[in-house]
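Only one structure is covered here, and it is reproduced in the block below.
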Amino acid sequence: MRYVTFTLDTAMGPLTRVGSLTAAGDVVDLNSAYRHTLADTLAPERARAVADAVVPTDLISLLGNSGLGRDAVAAALESLPSETPGTRDANGATLVHARSAVRLLSPLPRPTSLRDCSAYEKHIHNSTRGRIPKRWYEAPTYYKGNPASVIGDGADVLVPPGSNACDYELEYAAVIGKTGRDLDPDEALDHIAGYLIFNDVSIRDVQFREMSVGLGPAKSKDLDGTNALGPALVTPDEWDPHEEQTMRALVNGKEWSVGVTTTIHFSVGEILSHISRGETLRVGDVVGTGTVGGGCGLELGRYPTPGDTVTLDIEGLGRLINTWRAS
């Protein structure tokens, strides 16, 4: 399953919905599709009420419905008359939208929380000129970001005035789909709803200044629109980071970075287990695993500039594309 959040233009203004991608990349409106499955057994107003409760138009709420929501989504897709764009139900509601007719947001436009780890040894080695702190090897380290700063595929990254080092970071993140605390690494994997690409945009000139006082990163990571997530939330049955998956970053179509998921030092299960010690993981939490070795401009000695388009391409997760714009 590849969950997306998308907007439609309507006479009342933009309408936000939850969908899934078809094999051709078009978008199924899951709430409408589930309502369609209920049409033969419930009156229209009851079908709408049940669909709104079981397959809501907010992805975190849908994930929170656990197996009930998953089963309903599976039933909706199984009874879908066609995956052809423009397919409608008997009442005229569109069940399948052409990809070009909608705009994708981040799958989770407002995560419950946002954390980002630094779990790739080569990235730390490159970023510190080989001076990796011994304590880095003891446990996964992470910072907490601003969940209100999230953007999705196709959105612009606004480069703040005076910055000459607005960097991309090539990462993927896990999204929590089941509440849990004090989990062991194997248990933690069962709490994952899926994975998505994470471009942890970093204002390096700000980051160097603020971290020199012994705290952070903060402002350098949390400006509006500096945490890009997308394009889809891919469920664990379709994507496994513990298998070798190629990760690439391209600037204006030219490859700048390449790595693989399996070079991570701490596994995803170990990362989530560590975070869950004495602290509850909640549905909709986003946990980035960190930048793959060689996966940012800091390691390369060059940065994208306004007008450049940055594409993060992770095998099996898709492509997350954002353009740098001067603010």
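Every read-out reported here was derived from the displayed coordinates using simple, explicitly stated rules and does not represent laboratory data. Since this is a predicted model, take the numbers as computed values, not measurements. All Cβ positions, even for glycine, are placed from backbone atoms using ideal geometry, and neighbour counts span all protein chains on display.
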(request) Can you tell me which of 119-126, 93-100 comes out highest on packing, and rank the rest after it, using the mean Cβ neighbours within 10 Å? (result) 119-126, 93-100
(request) Using just the helices of the chain, give the 222 nm mean residue ellipticity in deg cm²/dmol: DSSP H runs with n ≥ 4 each add -39,500 (n - 2.57), and the total is spread over all residues, rounded to 500. (result) -6000 deg cm²/dmol
(request) Can you tell me the FRET efficiency between D190 and N164 if r is taken as the Cβ-Cβ distance and R0 is 41 Å, rounded to the nearest 0.05? (result) 0.40
(message) When 1/r is averaged over all different Cα pairs and the result inverted, which Kirkwood radius in Å belongs to the chain?
(response) 20.4 Å
(message) Place a point 7 Å from Cα of R277 in the direction of its Cβ. Which residues in the range 169-203 have their backbone N less than 13 Å from it?
(response) 182-185
(request) Would you mind counting up the charge near E83? Only other residues with Cβ under 15 Å from its Cβ, with Lys and Arg at +1 and Asp and Glu at -1. (result) -1
(message) For V96, what residues show an amide H to amide H distance below 5 Å, using hydrogens built from the backbone and excluding near sequence neighbours?
(response) D29, G86, T87
(request) Please provide three numbers in whole Å: the alpha-carbon extents of the range 96-169 along the principal axes, with the largest listed first. (result) 52, 31, 21
(message) At a 10 angstrom cut-off on C-beta neighbours, averaged per residue, how do the peptides 22-29, 58-65 rank from highest to lowest?
(response) 58-65, 22-29
(message) Taking the beta-carbon count within 10 Å as an exposure proxy, list E169, E279, E83 from fewest neighbours to most.
(response) E279, E83, E169
(message) Quick check: net charge around K144, other residues with Cβ under 12 Å of its Cβ, Lys/Arg +1 and Asp/Glu -1?
(response) -2
(request) Quick one: net charge around R277, please, counting Lys, Arg +1 and Asp, Glu -1 for every other residue with C-beta under 11 Å from its C-beta. (result) -2
(request) May I ask for the equivalent-ellipsoid semi-axes of the range 2-104, computed as the square root of five times each C-alpha gyration tensor eigenvalue and listed largest first in whole Å? (result) 19, 15, 14
(request) May I ask you to evaluate 6.51 cos²θ - 1.76 cosθ + 1.60, the Karplus curve with θ = phi - 60°, for each residue of the range 243-253 and list the ³J(HN,Hα) values in order in whole Hz, giving x for glycine and proline? (result) 8, 5, 10, 6, 10, 9, 10, 10, 10, 6, x
(message) Run the simple label-point estimate for R319 and H125 please: 7 Å along Cα→C-beta, distance reported in nm.
(response) 3.1 nm
